[in-house]
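A short worksheet on the structure shown next.
Nothing in this text is a laboratory measurement; each read-out follows from the coordinates by a stated rule. Since this is a predicted model, take the numbers as computed values, not measurements. Every residue, glycine as well, gets a Cβ built from its backbone with ideal geometry; the counts of neighbours run over all protein chains shown.
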Amino acid sequence: MNIYQLPSGNWRIRKYYKGKNYSVIVDKKPTQAEAELLISNAIGMSLSTSDKASMPFDTACKLYVDSNQSRLSPSTVRDYKLIPGRMPKWFLEKHIDDITQNDISQYVNERLRDGRSPKTIRNEHGFIVTVLHEFRPDFTITTKLPRPRKKTKEELYIPTKEEVARIIEYSKDTNYWCALELAKLGLRRGEICAVDASKIRFHSEAYILSIDDDLVKNEANQYVLHGDTKTLDSRRELPIPKSVAEYILDHGKAYEGHPDMINRYLQTTQKKLGIPKFNLHKMRYYFATQLDQAGVPRADSHRLGGWSLSSDVYERVYRQDEIDRDLEKKKKTLDSIFGSDFSE
């Protein structure tokens, strides 16, 4: 690819691909990344259906990401650019129109033998399906995927009301207090870091927070505002306490600092208070179970927390909470009958 300035002052991006020259003219000098995106879009637009189908899968991956970059979130672009680097060479070199269901099944089986987790395999398979659908929309894929790994009790740990209250009380007068208050209300870390004063309005005697943005990592591994939420269901409005609203309005933002520092502060605080270690995202588990225990209808809980109605994570957390509460009831019952050996 060549980038050079024309006598007119404009800049031309030129690339030779499959026996043809492609060029794009822009009014200012593009960066290398901008030039790659522009020329890839130009090539993609001009390729015939047969040209696209005969591309190696690796080329199709690059073309798909480049041509859809404007509608994908920065974090998705980052993930999509990393996935091909982990894929086996034989699959990347296969032409789009030569890929069969058997090839995809073989790919999944190989990844299983290599010890890849079901989540990784499902993510990679989802990417394969997305790319193939772009260039072979009539190709129906029916792969049998590995079942998600069952999460351990530690991974599904749900903080107690007392633990959350102690942590938030300890954080008062620090710049982490508001972030933890919002986490208690079900916000994800990226959503918390995107909250500023413009997201708050006063309506019907309550402060309402609009959750419509997310802080994510881009392909350069830098945190950037996405301009939208993780999913469509994540867009929501949430009443928040007056103290939290006033903090955001006074400071301009809910949290000012590096996103990773919130979890570091949380872990340090847990250690000082003698509280079991859990990350910030577990506050969403706490939020979900508190709503459920308060009798909030499940559909309303999903909307308040930004979960889709089919959320697998929400269902696992809900089920774990049921198991924990049922076990506690059994312990109390047996303890009342047989003595204190059943309790600590």
Using a simple spin-label model with points 7 Å from Cα along the Cα→Cβ vector, what separation in nm is obtained for Glu205 and Asp250?
2.4 nm
What are the ³J(HN,Hα) couplings of segment 228-244, residue after residue, when phi is run through the Karplus curve with 6.51, -1.76, 1.60 and θ = phi - 60°? Round to Hz, x for glycine and proline.
7, 8, 4, 9, 4, 5, 6, 5, 7, 10, 9, x, 10, x, 4, 4, 5
Length released on extending from His281 to Arg12, taking residue separation times 0.36 nm less the Cα-Cα span
92.2 nm
Note the per residue figure in Å³ for the convex hull of the C-alpha positions in segment 1-137.
117 Å³
For His226, what charge total do you get from the other residues with a beta carbon under 11 Å from its beta carbon, if Lys and Arg give +1 and Asp and Glu give -1?
-3
Given labels modelled 7 Å from the Cα in the Cβ direction, how far is it in nm from Gln5 to Ala197?
4.3 nm
When Tyr4, Tyr255 are ranked with the fewest other C-beta atoms within 10 Å first, the list becomes Tyr4, Tyr255
Name the long-range amide H neighbours of Arg236: under 5 Å, sequence gap of 5 or more, or other chain; modelled H, no Pro or chain starts.
Ile211
Just to be sure I follow the definition: excluding the sites themselves, where is the longest run in the chain that has none of the trypsin sites (Lys or Arg not before Pro) in a DSSP loop with at most 11 other Cβ atoms within 10 Å?
173-276
Just to be sure I understand the model, the point goes 7 Å from the Cα along the line to the Cβ. What's the resulting Asn21 to Asn123 distance in nm?
4.3 nm
Need one word for segment 98-222: rounded, prolate or oblate. Basis is the Cα gyration tensor (sqrt eigenvalues a ≥ b ≥ c); a/c below 1.5 gives rounded, then a/b vs b/c decides.
prolate
For Asn221 and His258, what does the FRET efficiency come to when R0 = 22 Å and r is the distance between their Cβ atoms, rounded to the nearest 0.05?
0.95
Rounded if a/c is under 1.5, else prolate if a/b is larger than b/c, else oblate: which is the chain, with a ≥ b ≥ c the root eigenvalues of its Cα gyration tensor?
oblate
I need the phi-derived Karplus couplings for segment 270-280: 6.51 cos²θ - 1.76 cosθ + 1.60, θ = phi - 60°, integer Hz, Gly and Pro marked x.
4, 5, 5, 8, x, 9, x, 6, 8, 8, 4
So what are the ³J(HN,Hα) numbers for segment 189-195, from phi and the Karplus equation (6.51, -1.76, 1.60; θ = phi - 60°), rounded to whole Hz, Gly and Pro as x?
4, x, 5, 4, 5, 8, 6
